[in-house]
1. If you take the residues of region 258-293 that are touching a Leu at 6+ places or on another chain (Cβ under 6 Å), under 20 Å from T222 (Cβ atoms) and not hydroxyl-bearing (S, T, Y), which of them is farthest from the ligand (Cβ to nearest atom)?
2. I'd like to verify a number: residues in region 165-182 that are of a type in the set (S, T, Y), farther than 11 Å from R194 by Cβ and either at pLDDT below 70 or crowded, with 19+ Cβ neighbours inside 10 Å (or both), how many?
3. State which residue is surrounded by the most Cβ atoms within 10 Å (Cβ to Cβ) when the search covers only region 315-340 and only residues that are over 20 Å from S230 (Cβ atoms) and more than 15 Å from the ligand (Cβ to nearest atom).
4. Inside region 278-289, can you point out the residues that are buried (at least 22 other Cβ atoms within 10 Å of the Cβ) and within 16 Å of E243 (Cα to Cα)?
5. Take the residues in region 257-281 that are assigned to a loop (DSSP other than H, G, I, E, B) and closer than 18 Å to K296 by Cα, then tell me which one is nearest to the chain's Cα centre (by Cα).
6. Scan region 116-138 for residues that are at pLDDT 60 or above, assigned to a loop (DSSP other than H, G, I, E, B) and within 13 Å of the ligand (Cβ to nearest atom) and report the count.
7. List the residue pairs whose Cβ atoms are under 6 Å apart, where the first residue sits in region 331-348 and is closer than 26 Å to K280 by Cβ, the second is in a strand (DSSP E or B) and among the small types (G, A, S), and the two are 6 or more positions apart or on different chains.
8. Restricting to region 302-311, count the residues that are farther than 9 Å from C328 by Cβ and either in contact with a Lys or Arg (Cβ under 6 Å, 6 or more places away or on another chain) or modelled with pLDDT under 95 (or both).
Amino acid sequence: MAGERPPPLELCKAVNDLDKIVLREPRGCSAEVRPPSLSLDSALRLDVRLLLVCRSDLDLCIILRCLNASSIHCCIVSLVFTGKSSSAFPPSFPPILDLSVFLGYITPKIVLSLQAAFKPPQAIRGGIPICFPQFSSSGNLEQHGFARNKFWTVDTNPPPLPTSSSVKSYVDLILKPTQDDLKNWPHSYEFRLRVGLVLGGNLLLTSRIRNTNSDGKPFSFTIAFHTYVSLSDISEVRVEGLETWDYLDNLKEGQRFTEQGDALTFESEIDRVYVGTPTKIAIIDHEKKRTLVMRKDGLPDAVVWNPWNKKAKSIPDFGDDDYKRTLCVGAANVEKPITLKPGEEWTGRLELSLVASSYCSGQLDPQKVLRGL
Ligand SMILES: O=P(O)(O)OC[C@H]1O[C@H](O)[C@H](O)[C@@H](O)[C@@H]1O
């Protein structure tokens, strides 16, 4: 509903007398924020770095690393799809004691490389790195732009955003350039990201980018949500929704081709940008009998990447066999950069839902998959 305010936050006590903020939606999904020894108000004003980590096959855990002027605290947000409460780190949880700067997330749908380095300014391998204002190495900036390596702040007073009534809890984050950042990319902008939990557990990312330049100058950017999809095995996976579409092949100097097959399957390295694709893409995992449905708006392109075995060995933070359990399928705007004049704003949305596949003995009903049935 337009202008709807976030649901009220519930402040209560967690284990060891720690404060806990809980957001809930009626079917039992919940989001918890645990700001150790901080009041709700002070927690929400802190700078934050966000990582969502898979806790089990069903839970999603977001680790918010917070920094204020005097000290560093860690916050945990758990989006618990099962309605189960989760309060402790899994034993294998990677240390979050360094000051790496990142934005990414992990769900059972999304994967984090076991080799992921948490060393700034290196990006975290996995989750959904946000590539902005440049995708890949197509411009003068660092690979995939700087947004995936920056501090994001919790935005306590975002401008109204029309929000579907099915979005039951969410957190608003914002990225703005520092004076130093302006030397690298001389444009003022506000990049707002709402991470929302939809009724039933879908994840909805809503992005708004505004040109706040005071010098009257427009700027252009490309963007991608470079989603690392979790797979049983790459040989068991097919992607539907991209067939017959044109793609730019980065393994062939960006040449343009047309996808010929009736679905994408994978037997070797792939590094492509499909252009002007449909809004729904289905990543079907036959072994797990489940389908990740990606719905996107304002993001006409789709990037598909898997380094395969040889290149995987040359990527330090990518395990030798990670290529078997990961496929990047990202919602993007790459082919035709977006240009914003001062005061103009772009909006993009990405929704991820996991559905049981209707695939059975070779028969898949793509319409059902794309409708999320
Ligand atoms: O290693 P990263 O900087 O995260 O990039 C990983 C991959 O991202 C994109 O898909 C690019 O098209 C690839 O060329 C690149 O190798």
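1. Filtering first and then ranking leaves V273.
2. 2
3. L340
4. Narrowing region 278-289 to residues buried (at least 22 other Cβ atoms within 10 Å of the Cβ): 281-285.
Passing the criteria: I281, A282, I283, I284.
5. Among those residues, the one meeting the criterion is T279.
6. Here the count works out to 13.
7. Partner pairs satisfying both residue conditions: A332/A224; P337/S220; G348/S207.
8. So the count comes out to 0.
The values are calculated or read from the model by the stated rules, or taken from the named source; none is laboratory data. Computed from a predicted structure; not experimentally measured. Don't worry about glycine lacking a Cβ; one is built from the backbone with ideal geometry, like all the others, and counts go over all protein chains shown.
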